[in-house]
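What follows is a set of notes on a single structure, which appears directly below.
Only the coordinates and a few stated rules stand behind these numbers; no lab work does. Keep in mind it's a predicted model, so treat the numbers as computed, not measured. Cβ placement follows ideal geometry from the backbone for every residue including glycine, while neighbour counts extend to all protein chains displayed.
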Amino acid sequence: MTRMELLYRIARDEGQEQAEMAVRLVDATGVQWVACEPEILEEAARIKAAGGLSVADAWIAATAVARDAVLVHKDPEFNRAGHVRQEQLRR
């Protein structure tokens, strides 16, 4: 889901070639992409039910919860998921 968000947002704003290059750069860092897991889906459903986040953002936030990770982002909408440990980057 995060990979899809990265691809579509960059493609929309900067073009498909830039999106593909961004994903190649992220892949080169050795980042671990997370597949769909029941624990993540259940947490995403709880987050989505609380309101304010898209399906993709709820899934991303739920992944942080399930993996006991900090969600690093620039999107103020994630503040609606108050129980998620997060760090908001400056825009």
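Work out, step by step, the length gained on full extension between residue 31 and residue 85: first 0.36 nm times the residue separation, then minus their alpha carbon distance; give nm to one decimal.
Full extension of this stretch gives 17.5 nm more.
Using Cβ contacts closer than 10 Å as the measure, can you line up 29, 2 from fewest to most? Write out the running numbers ahead of the final one.
Details: 29 6, 2 15.
The order, fewest Cβ neighbours first, is 29, 2.
Extension gain residue 39-residue 8, at 0.36 nm per residue separation less the Cα-Cα distance, in nm?
8.6 nm
Over its Cα atoms, what ratio of radius of gyration to 2.2 N^0.38 Å does the chain give?
My calculation over the Cα atoms of the chain gives 1.10.
Modelled label-to-label distance, residue 54 and residue 72, 7 Å Cα→beta-carbon offset: nm?
Distance between label points: 2.2 nm.
Sum up the charges of everything whose Cβ sits under 14 Å from the Cβ of residue 36, counting Lys and Arg as +1 and Asp and Glu as -1, but leave residue 36 out.
-2
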